[in-house]
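Trainee: Structure incoming, see below.
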């Protein structure tokens, strides 16, 4: 769908993370910036009990940093 928008077929909403390179390169432009993006909650569910493996903690930290969300302190 990103390619279709780049080719001028129409407009759509994407997470900025998905189109950051296209915005930086000037292949896409933000239109209607005054309209807020929809939000979708993201949850991380694991079956490790209280012993969260380092790789899982690093992935959660990556999501928090990349998506700009707050991590639940109970993780």
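The values are calculated or read from the model by the stated rules, or taken from the named source; none is laboratory data. Bear in mind that the values here come from a model prediction, so they are computed numbers and not experimental data. Note: ideal-geometry Cβ built from the backbone for every residue, glycine included; neighbour counts use all protein chains shown.
Trainee: Spot the failing condition for residue 18; the list is (1) under 12 Å from the mean Cα position of the chain (by Cα); (2) surrounded by 10 or more Cβ atoms within 10 Å (Cβ to Cβ); (3) not in a helix (DSSP H, G or I), and only one is missed.
Mentor: (3)
Trainee: Can you list residue pairs whose Cβ atoms sit under 6 Å apart, with the first residue in the range 1-30 being modelled with pLDDT under 90 and the second being surrounded by 10 or more Cβ atoms within 10 Å (Cβ to Cβ) and part of a helix (DSSP H, G or I)? Count only pairs 6 or more apart in sequence or on different chains.
Mentor: From residues that are modelled with pLDDT under 90, the pairs are 12/5.
Trainee: If you don't mind, another one. Scan the range 13-55 for residues that are touching a helix residue (DSSP H, G or I) at 6+ places or on another chain (Cβ under 7 Å) and farther than 18 Å from residue 68 by Cβ and report the count.
Mentor: Selection size over the range 13-55: 5.
Trainee: Looking at this structure, is residue 40 exposed (fewer than 11 other Cβ atoms within 10 Å of the Cβ), out of contact with any strand residue (DSSP E or B) (no Cβ under 9 Å at 6 or more places or on another chain) and not in a helix (DSSP H, G or I)? Break it down into steps so the answer makes sense when it comes.
Mentor: Values: exposed (fewer than 11 other Cβ atoms within 10 Å of the Cβ): yes; out of contact with any strand residue (DSSP E or B) (no Cβ under 9 Å at 6 or more places or on another chain): yes; not in a helix (DSSP H, G or I): yes.
Here the answer is yes, as residue 40 does meet what is asked.
Trainee: Out of all the residues in the range 21-37, which are part of a loop (DSSP other than H, G, I, E, B) and within 30 Å of residue 58 (Cβ to Cβ)? I'd like the intermediate steps shown before the answer.
Mentor: First, pick out the residues of the range 21-37 that are part of a loop (DSSP other than H, G, I, E, B): 26-37.
Once the filter is applied, which keeps residues that are part of a loop (DSSP other than H, G, I, E, B) and within 30 Å of residue 58 (Cβ to Cβ), the range 21-37 yields only 37.
Trainee: Another question, if that's okay. If we keep just the residues of the range 50-75 that are over 16 Å from the mean Cα position of the chain (by Cα) and modelled with pLDDT under 80, which is nearest to residue 10 (Cα to Cα)?
Mentor: 72
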